[in-house]
Amino acid sequence: MTAFFRFSPRLAAATRAGLAASALLAGLSDGMAAPANTAEGQRLAKQWCAACHIVSADQKRGGDTAPSFASIARRPGFTPQKLAQFLMNPHPKMPDMQLTRDETRDLGAYIATLAQ
Ligand code: HEC
């Protein structure tokens, strides 16, 4: 009986898959805000705007110089986005109410419902 040893060195082919998985989560939340909330817009309008504007069909009196929200909504070219944009910059005849971006969106969406 002859023990026969074969010595065969194995070449280990070390393959390194250099796939560094990097999570690219940043920036995804931008532009994915919740839809505008018209009920909240109505609440804000009654709280902040009704002293001067007629903000809903059930309001009888407003200021003399401020247009009603329904008439604003029916103007040609009106869009909720434009109104929200307008509210981000204080109007000379209106107090600076420090509305947040969400609040201006809700107000714009609410006022848009008055056009019907
Ligand atoms: C202190 C009174 C006052 C308050 C409070 C007020 N407004 Fe006004 N607003 C006015 C007056 C006056 C005008 C008319 C300005 C003009 O014709 O130059 C006006 C005009 C506007 C216009 C029309 C601007 C245009 O392009 O002609 C919009 C829209 C408007 N207001 C939205 C709002 C909203 C929304 C609120 C509440 C968050 C609000 N206003 C609160 C007095 C007010």
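A short reminder: the numbers here are calculations on the coordinates, not readings from a lab. Please read all numbers here as calculations on a predicted model, not as lab measurements. Counting neighbours? That spans all protein chains shown, and the Cβs are built from the backbone with ideal geometry, glycine included.
Observations, loosely collected:
- The set of residues from region 65-116 being assigned to a helix (DSSP H, G or I), acidic (D, E) and either within 11 Å of the ligand (Cβ to nearest atom) or over 14 Å from A45 (Cα atoms) (or both) comprises E103, D106.
- In region 35-55, of all residues being within 24 Å of the chain's Cα centre (by Cα) and not in a helix (DSSP H, G or I), the one that is nearest to the ligand (Cβ to nearest atom) corresponds to C49.
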